[in-house]
Structures are given as structure tokens and as C-alpha cells.
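What follows is a short report on a single structure.
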Amino acid sequence: TGGARRAWLDHSMPAVSALGDGLMEFGFTALAAKLGGPRLAGTSAVAVQALCVVAVYSEVFKYAAWSNRPYQDDTQHKLWYFSQSTQGMPSGHTFSAFAVAEVYGAEYGRWWTYPAACLIAYSRVYNQAHWPSDVVAGAALGIAAGVQARHQAEVQGEPSLRFSLAPSPSGQTPLMVAHVSF
């Protein structure tokens, strides 16, 4: 707040946050797994596996901590604060960003993946969606998820990934379904 706000950041940080959305990352990694060469496809399949882990554990940890967000009450970070409708800790955007950064970083170099994940984490604090402790927790958990997915791939081989189309419940645009075998 105050002097830290900049107009250009006010406009760009929501877009940066959108890049950390797990569904957005899932789409990019799934597309890379399907269209990339063998190295990129294999790494991307592991990243999809890491994002599946993040999707489950992010919700588990959010319900376990049940913390407020700065935009709800910026006076203090409250854990087990059951009177609000959303949960803040850990940052799911940061969790998924660091999981993907770890998987791709191990293969292609962390010099670019971790700064990108840090930018997403910063955007969550800047947008007042999370407290700094939420993004630190999300980063640590994301790195752990990425390491776990890489280790699983080393032990059992890369996960298989295939896509299919399914009818939409509304009967309109069909849904793309990713099948990931762990």
C-alpha cells in the first residue's frame, strides 16, 4: 500500500497472477507434453503430474490453515479464522508456479524458472491476495511437489499422458480431458 504502489504494476500484476493459475499452467504443460519433442514432452508430463499433486494438496493445506487474506482484513494474518469464505494459506498460485519451476528448472536450468515463479509469488502479495507467509509456504511446498514428481519419474518412469474429448454437460463445447497415469 501507499508508496509501494505503481500504476504500471497495478495493471500488469493481475496478468502475472493469471500465469500462476494452476489451470493455465496445466494447459501450457499439457500442450508442451503433446506437441514438444521427446525431452520437452517428458519433462512436461512430469510437470503435469506435479500440478496434479498441487491441486490436491493445495486444498488440503488451505482447509487445514483456514487463514484470511489481506484484502479481507489487512490488519493481521489470522489462522483458523473460519468466518471468511476463502482460505489464503498456502498460495495456490505460488504452489503451482514453484512446482512447475522445479520440474522444468531441473531439466532446463533454474536460472529462469525460479525468477518467473518468484514474480508470480510477488504478484499475489502485490494484489493483496496473500500475505508474504502464504507465498513462502506455497514456494516451499511447490518445490517439494516438483522434487517429488521428478523423483517419482526417476523411479517409475515418466507418467503417460493422453488426451481425449468428452461431451460438455451443457451440450455445447466439448471438454478436453487429460489422462495422466502415475
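The values are calculated or read from the model by the stated rules, or taken from the named source; none is laboratory data. In this text, all values refer to a predicted model and were calculated from it rather than measured experimentally. No Cβ is skipped: glycine too gets one built from the backbone with ideal geometry, and neighbour counts run over all protein chains shown. These area figures cover heavy atoms from the full protein model, side chains too; ligands, DNA and RNA do not enter into them. Shrake-Rupley method; radii C 1.70, N 1.55, O 1.52, S 1.80 Å.
Accessible area of residue 122 (1.4 Å probe, protein heavy atoms only, ligands and nucleic acids ignored): about 110 Å². What net charge do the residues around residue 116 carry, taking every other residue with its C-beta under 15 Å from that of residue 116, with Lys and Arg at +1 and Asp and Glu at -1? Here the charged neighbours net out to -2. Taking each residue as 0.36 nm, the span from residue 63 to residue 28 lengthens on full extension beyond its C-alpha to C-alpha distance by 9.8 nm. Extension gain for residue 21 to residue 172 (0.36 nm times residue separation, less C-alpha to C-alpha distance): 51.9 nm.
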